[in-house]
1. Check every one of the helices (runs of 4 or more DSSP H) wholly within the stretch 165-267 and list those with 1 or more residues that are open to solvent by 50 Å² or more (accessible area, probe 1.4 Å) and outside the structural domain of Lys152 (by TED's automatic domain parsing).
2. Six or more apart or on different chains, Cβ atoms under 7 Å: show the pairs whose first residue is in the stretch 409-427 and free of Cβ contacts under 8 Å to residues at least 24 places away in the same chain and whose second is surrounded by fewer than 24 Cβ atoms within 10 Å (Cβ to Cβ) and aliphatic (A, V, I, L, M).
3. Pairs, please: C-beta under 6 Å, at least 6 apart or cross-chain, first residue free of Cβ contacts under 8 Å to residues at least 40 places away in the same chain and in the stretch 315-327, second polar (S, T, N, Q) and within 12 Å of the ligand (Cβ to nearest atom)?
4. Looking at the stretch 27-37, can you tell me whether even one residue there is part of a helix (DSSP H, G or I) and either in contact with a Phe, Trp or Tyr (Cβ under 7 Å, 6 or more places away or on another chain) or open to solvent by 40 Å² or more (accessible area, probe 1.4 Å) (or both)?
5. Of everything in the stretch 191-229, what is touching a helix residue (DSSP H, G or I) at 6+ places or on another chain (Cβ under 8 Å), under 25 Å from Ala329 (Cβ atoms) and of a type in the set (Gly, Ala, Ser)? Give them in sequence order.
6. Identify the residue in the stretch 295-317 that is away from the ligand (no atom under 14 Å from the Cβ) and in a helix (DSSP H, G or I) and, among all such residues, is nearest to Thr172 (Cα to Cα).
7. Select from the stretch 125-154 the residues that are among the β-branched types (Val, Ile, Thr), in a helix (DSSP H, G or I) and open to solvent by 50 Å² or more (accessible area, probe 1.4 Å) and list them in ascending order.
8. For the stretch 249-276, which residues satisfy the criterion of being within 16 Å of the ligand (Cβ to nearest atom) and out of contact with any Leu (no Cβ under 8 Å at 6 or more places or on another chain)?
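The values are calculated or read from the model by the stated rules, or taken from the named source; none is laboratory data. This one's a predicted model, so the numbers in the text were calculated from it and none came from an experiment. Here the Cβ positions follow ideal geometry from the backbone for every residue, glycine too, while neighbour counts run over all protein chains shown. Just the protein is used for accessible areas: all its heavy atoms, side chains included, with ligands, DNA and RNA removed. Shrake-Rupley method; radii C 1.70, N 1.55, O 1.52, S 1.80 Å.
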Amino acid sequence: MTEPHILGKPLAEWTTKFPLLNQLMNFEPVFWVNPEQKRFNDLPPLSISWKDILNAADRWERFSPFLAITFPETQGTDGIIESPLRKIPDMASAIEGHYSKNFSGDLYLKCDNDLPITGSIKARGGIYEVLKYAETLAMKKGLLTEDDDYKKFAEPGFREFFSQYSIGVGSTGNLALSIGTISAKLGFSVSVHMSADAKQWKKDLLRSKGVNVFEYKGDFSEAISEGRQLTIEDPKGYFVDDESSKDLFLGYSVAALRLKNQLDEDGVVVDKDHPLFVYLPCGVGGSPGGITFGLKHIFNDNVHCFFVEPTHSPSVLIGLLTGEHDKVAVQDFGIDNKTEADGLAVGRPSNFATNISQHLISGIYTIEDDELFKLLTLLTNSENIQVEPSATSGLLGPVKLNQSDYLKEQNLVDNMDQSTHIVWSTGGSLVPQSDMNQFYQKGQNLLDQ
Ligand SMILES: *Cc1c(COP(=O)(O)O)cnc(C)c1O
């Protein structure tokens, strides 16, 4: 058998140049500090800016009257789709107890598992992109100006207008839920292309909303390429492309503005002496990248963002480590991309997101599926909060960080008592209770071993 080649080079050449690949190929959990992280003021010019984040925030604002009447669960926040920030001291103790490791600083959970409408972080990016597309179409047609009351979008005439247009998306599940739900509400004809690992309940739920669901035997990349092909064959088709979308990214970025307000309300200070650490579950890198992009503009070098990937799907890590971004996939290195972490089973990173994240993020760590289930059970037991397995991956962050050299390298050791850790919990509220009970039981069994 000939040795496998990746981008024309033998595997041995890659592993010699990047020894960490050996550990990744053995599915060992790793903590990688990004050598390319730059100080905020030293960043090279990026293709998007602070102004784009503010524009995205304004667009969410314009649509809020429509969202409030269309999705009653957002009435309490006047049509703003947002989740609570919760301090979780009992979980901090539970983690320290179970792993016999200490860490300093306050621990918070950003509860996107409770995000209205679709119960996952994908509501931020996915809903935003479809709203923006709908707005663009309506303005082009002369049906709308920015000063109008966007409640108009709920009128039958608008629905009829949008029904000539189709929207497609490829997804492991959660993105499909967001795109499908909002597109169907607006009146679009919408098709979602699901990978083999997508859960049956997600397909059922989407079909009940009038969404066309296509299923594929392969993984996420296959669902995306097939979906892209079928969608663009329609001259009035629009494909939401998780592998390269700027609008998804900007939709996510607005979370940073909202988080800043929540921290202010809680009296949490972030400055040179009070560092903020944020741990973000990562699939293609869009949601963690967009949020990091926003946070860096607000807190500059005082926020340190870490992505988390499953040991079986370290796609963004391999993309950044090798510098090849979306030109390499985990499968090229014999890594199987099989994980129970929905939304994180991604073999190839987004090129758009990775380009921006490469100089912004502090690092990436990988986590085994078993740990996700243990953390899920610990979180339920300690704080009575239920999230899906992928959404727990950030909870190991503070412990992992403490064991790494990062704090020393960054001169942060003396500030840790006054630091804040935010774990981004990315999904959960729509998971059927029977599935959730199984996750919990699995975690309990692992904890009892
Ligand atoms: C999609 C998803 C993520 C990761 O977002 P990416 O943009 O793919 O990096 C994390 N958690 C959950 C639950 C998700 O659905």
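1. Those helices (runs of 4 or more DSSP H) span 246-265.
2. That search, which allows pairs on different chains as well, returns Val413/Leu407.
3. Correct list of pairs: Gly319/Thr354; His325/Thr354.
4. Here is the first cut: in the stretch 27-37, the ones part of a helix (DSSP H, G or I) are none.
Scanning the stretch 27-37, I find no residue that is part of a helix (DSSP H, G or I) and either in contact with a Phe, Trp or Tyr (Cβ under 7 Å, 6 or more places away or on another chain) or open to solvent by 40 Å² or more (accessible area, probe 1.4 Å) (or both), so the answer is no.
5. Hits for the stretch 191-229 are Ser191, Ser195, Ala198.
6. In this case the residue turns out to be Leu295.
7. Taking the stretch 125-154 and keeping what is among the β-branched types (Val, Ile, Thr), we get 127, 130, 136, 145.
Now restrict to residues that are in a helix (DSSP H, G or I): 127, 130, 136.
Within the stretch 125-154, Thr136 is the sole residue that qualifies.
8. Phe249, Leu250, Gly251, Tyr252, Ser253, Val254, Ala255
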